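In what follows, a single structure is set out as C-alpha cells and then discussed.
Here, each number is a calculation from the coordinates, and none is a lab measurement. All figures in this text were calculated on a predicted structure; none of them were measured in a lab. No Cβ is skipped: glycine too gets one built from the backbone with ideal geometry, and neighbour counts run over all protein chains shown.
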6 protein chains.
Amino acid sequence: MIFVTRRTHFNAAHRLNNPSKSEEWNQETYGKCNYPNWHGHNYIIEVTVAGEPDQETGYVIDLGKLKKIIKERITDPCDHRNLNLDVPFLEGIIPTSENLVKVFYEQLKQDVEQSASKGSVLYSVKLFETERNVAEYCPYRWTK
Amino acid sequence: MIFVTRRTHFNAAHRLNNPSKSEEWNQETYGKCNYPNWHGHNYIIEVTVAGEPDQETGYVIDLGKLKKIIKERITDPCDHRNLNLDVPFLEGIIPTSENLVKVFYEQLKQDVEQSASKGSVLYSVKLFETERNVAEYCPYRWTK
Amino acid sequence: MIFVTRRTHFNAAHRLNNPSKSEEWNQETYGKCNYPNWHGHNYIIEVTVAGEPDQETGYVIDLGKLKKIIKERITDPCDHRNLNLDVPFLEGIIPTSENLVKVFYEQLKQDVEQSASKGSVLYSVKLFETERNVAEYCPYRWTK
Amino acid sequence: MIFVTRRTHFNAAHRLNNPSKSEEWNQETYGKCNYPNWHGHNYIIEVTVAGEPDQETGYVIDLGKLKKIIKERITDPCDHRNLNLDVPFLEGIIPTSENLVKVFYEQLKQDVEQSASKGSVLYSVKLFETERNVAEYCPYRWTK
Amino acid sequence: MIFVTRRTHFNAAHRLNNPSKSEEWNQETYGKCNYPNWHGHNYIIEVTVAGEPDQETGYVIDLGKLKKIIKERITDPCDHRNLNLDVPFLEGIIPTSENLVKVFYEQLKQDVEQSASKGSVLYSVKLFETERNVAEYCPYRWTK
Amino acid sequence: MIFVTRRTHFNAAHRLNNPSKSEEWNQETYGKCNYPNWHGHNYIIEVTVAGEPDQETGYVIDLGKLKKIIKERITDPCDHRNLNLDVPFLEGIIPTSENLVKVFYEQLKQDVEQSASKGSVLYSVKLFETERNVAEYCPYRWTK
C-alpha cells in the first residue's frame, strides 16, 4: 500500500463561536479564539491518497490532478475568505480544525477517488492551523 | 558588530483597503486582499538588535527581556485581533506588511534600546505574512 | 476518527550511558553520545489525541488545555535541565529517544484523556531529538 | 510499539517516461515531468523502523547504523545521479515517487531488520520529491 | 528603507562543467557535481526589492506583480528544465549558484523596478540550491 | 558582490555563568540558562563568504572545501561536547551566542579566505541556538 500526499495552503479569517450558547459560555470556552472581530491563519492542508500505483503511469494519483481538485474544492472557496461567513459548504459549522478536516474530507472524496488508480481511497486530510496546532481526519488508521 | 535576533509569532485578521479611494480602485489594486469579510495570517516577526556584547553578561540584549518587550508592545495588542479594527497604534494605517514593519519598529525602538548593551540599536524588524511574502524595515542597511 | 496534535519544545542536556555495563561497552555502543561531559538538544515534542469532536465545542481537546498539561508534565520538569540527573520521572532510564517517548506517554495519558472529549485516547507521543532523528510511541497504530 | 525515524537527503535528476508508450501519451500523461533533457530534485528520505527498544541499549535501532545502511543502499548509488540512467536497482522502473519508495523499501529491508532489536520491522519509507509532493510505502498501516 | 521579499521555487537539472578545461580538471574541480548524466535540485529563489511604500497603496511593490515577473522571467524558462541545455539566457554560463544569481538579477532588474514604487531598486536575488547551500547577489550591501 | 552561505549543525551542552560574579548575580542574570547541570541545543551555523566568482570555476568558494573547514575548525571540536568544559578555543568565554559567533568567526577567517576566490572575505557567521534565538557576527554590514 502506497500513500501519496499533496501539501498546499490558503489564508483565511475565522472565529470560534457556538451561536446556540451564551456569550459567557463562548468566551470561557474559546478564549482569544472567540474575539469578535475575527483573527486568521495561514492554513496548510495535506491530502493523502492510498492505493497501488497504476501499472502504466506509475501513479497512485497524478499530483497535478490532485492539486487541481484541492484548488477547486477547497482553496478557491476558502482562500482570503472568512470561514464563518463566506464558504457555502461550511455553513452552520463551528470552524475548529477538527470540524474543518471532516468537511474537507467529504468535499474531496468523490473527485479524488475518481482520479486515482483503481481501488485507491482518500486516506486522510490534515490541516495545520499553525505549525503547532494540527488536526487530521482519517477513517482508516485505527486499531485498538 | 553583533546582530541578535528574536523570532516570535501572532495570528491576526486584516484586509487591505484605502478608505480615501473608490471601491473599484481598491478591488483592482488589492484583489483578493480586499475581500470585505477579512482574511488572516500566522504572522512571524523577527526583531534584530545590533551592538557589542556587555562585558559582564556576554549579552547584546537578554533575549528573555527582548521576548517580553515584543510581547507587551506587539504580540499582546495584535494576537487574535483584527489589525484594521482592534489595535490602537495601527489606527489609520493600511495594514500592508510594509506599513506594519515600520510601525512595529517605532513601537519597539525605545524599550529595546534601553534594555540592550550600551550603544546598541534596534537594527531591524522583519515580518513574514506568509513564508513566501516578507517585509523588513531597517534604517541602517544601505550603501549605494 | 480525528487526530489532534500539539507541537512544543524544550532544551535539555543528556548523555547515553548504561551504568550496569563497562566503560568500553558504553563507548562502543553509544559513540559520541557517551561523551562524559554531556551534550544537548532542542527537543520538539508532538502529542496526538484521537477521538470524536465534542458536539458543543467542536473540540476533540482544547489545545490550550493540552498545552498546559504538556507544560506541567513534560516541559517544566525537563526544560533547561539534564535528563540524566534532574528529572525525577526519568530516574534509572537511559535517555534514548525511544525510552523518553514511552515515559512521556505515561506521564501525559491520564490528564490528557480526562481533558479530552468522551472516548478520546492519547494516541501518540513523538519526539524529535533533531530534525533527522525521531522516535514515536503509539500503542494503536499497528496491523500486521 | 515504538517507531524510530531517520531523515536524510540526496540530489538527483530524472524524468518520467514510459518507453512502451508513444511520445504523445507520455507528453499528455506526464506534462513537464516528461521534458526530454531531465529535471531534478532535492529528495528527502525518511526511514522508519518499528519495534521494542533493546533492554541493554535502549535502542530500537542504532541511528548511526541506520544512517550507514541508508547511505550504502540508497544515497551513495543515487546522489548526484540520474535515476533513469545511473542506478542499477532502478533499471526498468519509471521513477515516480510511488515506484521509488517501493524499491527503496526492498533495498533496505534485510539490512535494517538485521541491525534492529529483536522482532523489529522496517515499517515505512517516505520520500519527499518536494516539500509539497510526498510518497510513502508502508505494508503495515492499514485497517479498512 | 523597507525591504520586500517574495520567495518561490522551481525544479531543474544541471551539472558543473567548464568546456574549455580538460575532463580531469573538471572532475577534480567539481567532483560529484560534474557527473555526466546530470543531477538536480529543488531551487528556491528569494527576490528582494528595497524602497519606500507608495503613499496610496502602502506597497513598495505589489507582490502579485512581483510573483508574475519572477514567473515570466525565471520560473517559466527554468522549471523542469536542464539549466545547461534548455535556457537561452544561461547559454555559455557554468550554472554554479554564484553565476545563476547574477544572471537572474539582470533578468529581473528592469521589470521589477518599473513595477515598484518610485525610487525603489531590485536589492538582491538569493538562490537556495539546497537548504544548506545558498548564494546571493546584492550590489548594495557592502561597507568595508 | 556575491554572498555564498553554507549551513551546518552540531549538538552541544552548555550553561551561562560568569565565574567572577556571585551565585545570586548569575541566577538573576541568566535564569534557567544558569541551571547547574547544563542544558543543550541543536546549534545551526551559517557561514557566509563574500566576493567575486573565480572566472574558471564560477565559485566564490568551493562549498565542499568550506564544509570541510567548518568541520575541522568548529564542528569536530564542538559536536556532542560541553562548550564550557571541552573546547580549547572557548576557554574563558561565557558561551552566549554573541560570544560564540565572534570566536567562530576568528577560528574560520584565515582558512576560509585562503580557500576562496581572490579578494573574497569571510563576511559573517550566524548561529541559531534555537530557531527563535539567533546571533550573527559581521564586521562589514553597517552604515549609520
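Let me confirm the definition first: pairs of Lys residues in region F:2-141, 8 or more apart or on different chains, C-alpha distance under 23 Å. How many are there?
Number of lysine pairs found: 21.
Using Cα springs under 10 Å in a Gaussian network model of chain D, which residue among D:Ser97, D:Ser20, D:Ser124 shows the largest mean-square fluctuation?
Between D:Ser97, D:Ser20, D:Ser124, it is D:Ser20 that shows the largest mean-square fluctuation.
Where a ≥ b ≥ c are the square roots of the eigenvalues of the C-alpha gyration tensor, would you call the protein assembly as shown rounded, which needs a/c under 1.5, or, failing that, prolate if a/b is larger than b/c, or oblate? Please report the intermediate quantities before stating the final value.
Values: a/c = 1.02, a/b = 1.02, b/c = 1.00.
Rounded.
Using Cα pairs under 8 angstrom and six or more residues apart, how large is the relative contact order of chain D, in percent? Could the numbers behind the result be given before it?
Numbers: 249 pairs, mean separation 42.9, N = 144.
Reported as a whole number, the value is 30 percent.
Starting from the Cα of D:Gln114, move 7 Å in the Cα-to-Cβ direction to define the label point; list residues of region D:44-88 whose amide nitrogen is under 13 Å from there.
Under 13 Å, as judged by backbone N against the label point of D:Gln114, lie D:69, D:73 of region D:44-88.
Using r as the Cβ-Cβ distance of B:Lys71 and D:Glu106, and R0 as 60 Å, what FRET efficiency do you calculate, to the nearest 0.05? Let's see the in-between values first.
Working: r = 52 Å, r/R0 = 0.86.
Step by step, r from the Cβ atoms, then E = 0.70.
Could you pull the copy-to-copy label distances for B:Thr75, with points set 7 Å along Cα to Cβ, in nm to one decimal and sorted shortest first?
1.0, 3.1, 3.2, 3.2, 3.5
Restricting to the protein assembly as shown, compute how many DSSP beta bridges are antiparallel as a %, nearest 5.
The antiparallel proportion sits near 95 percent.
Using alpha carbon centroids, what distance separates region F:40-116 and region C:94-144, in Å?
Using only Cα atoms to place each centre, the spacing works out to 37 Å.
Collect residues whose amide H, placed 1.01 Å from N in the peptide plane, falls under 5 Å from the amide H of F:Ser124; neighbours closer than 5 in sequence don't count.
Here the answer is F:Thr48, since their amide H atoms fall under 5 Å of that of F:Ser124.
Can you classify region E:2-141 as rounded, prolate or oblate using the Cα gyration tensor, where a ≥ b ≥ c are the square roots of its eigenvalues, rounded means a/c under 1.5, and otherwise it's prolate if a/b beats b/c and oblate if not?
prolate
Would you mind listing the distances between the A:Glu113 label point and the same position in each other copy? Use 7 Å along Cα-to-C-beta, nm, one decimal, shortest first.
Result for A:Glu113, in nm, nearest copy first: 3.2, 3.3, 5.8, 6.4, 6.7.
Can you show me the helix-derived [θ] at 222 nm for chain B, built from DSSP H runs with n ≥ 4 at -39,500 (n - 2.57) apiece and divided by the number of residues, rounded to the nearest 500. Please report the intermediate quantities before stating the final value.
Details: 3 runs with 35 residues, N = 144.
After summing the helix terms and dividing by the residues of chain B, the value is -7500 deg cm²/dmol.
Antiparallel versus total DSSP beta bridges in chain C: what percent is that, nearest 5?
The answer is about 90 percent antiparallel.
Let me know the charge dipole size of region D:79-144 about its Cα centre in debye, to the nearest 20, where only the beta-carbon of Lys, Arg (+1) and Asp, Glu (-1) is charged.
It comes to approximately 360 debye.
Can you compute 3J(HN,Hα) from phi for each residue in region D:95-109, using the Karplus curve 6.51 cos²θ - 1.76 cosθ + 1.60 with θ = phi - 60°, rounded to whole Hz and x for Gly and Pro?
My calculation for region D:95-109 gives x, 5, 4, 4, 5, 5, 5, 5, 5, 4, 4, 5, 4, 9, 3 Hz in order.
Shielding by partners for D:39-51, please: the mean number of other protein chain Cβ atoms within 10 Å of each residue's Cβ.
Taking the mean over all residues of the peptide, I get 5.
Can you put B:Phe104, B:Phe89 in order of Cβ neighbours within 10 angstrom, beginning with the fewest? Don't jump to the answer; show the numbers that get you there.
Numbers: B:Phe104 23, B:Phe89 13.
Exposure proxy ranking, most exposed first: B:Phe89, B:Phe104.
If each residue's Cβ is checked for other Cβ atoms within 10 Å, how do A:Cys138, D:Cys78 rank with the fewest at the top?
Ascending number of Cβ neighbours within 10 Å: A:Cys138, D:Cys78.
Could you tell me which residue out of D:Ile94, D:Asn17, D:Gly64 lies farthest along the dipole of chain D toward its positive end? Charges go on the beta carbon: Lys and Arg +1, Asp and Glu -1, centred on the Cα centre.
D:Gly64
So for C:Leu83, B:Leu85, fewest C-beta neighbours within 10 Å to most, what's the order?
B:Leu85, C:Leu83
Name the nearest-to-axis residue of chain C, judged by Cβ distance to the rotation axis taking chain C onto chain E, and quote that distance in whole Å.
Closest to the rotation axis on chain C: C:Glu131, 5.
Placing a label point 7 Å from Cα toward Cβ, how far apart in nm is E:Gln27 from its equivalents in the other copies, listed shortest first to one decimal?
Spelled out, the distances from E:Gln27's label point are 3.9, 4.0, 6.6, 6.6, 7.7 nm.
Which shape class, rounded, prolate or oblate, goes with region D:40-111 when its Cα gyration tensor gives a ≥ b ≥ c as root eigenvalues, a/c under 1.5 marks rounded, and past that a/b bigger than b/c marks prolate?
prolate
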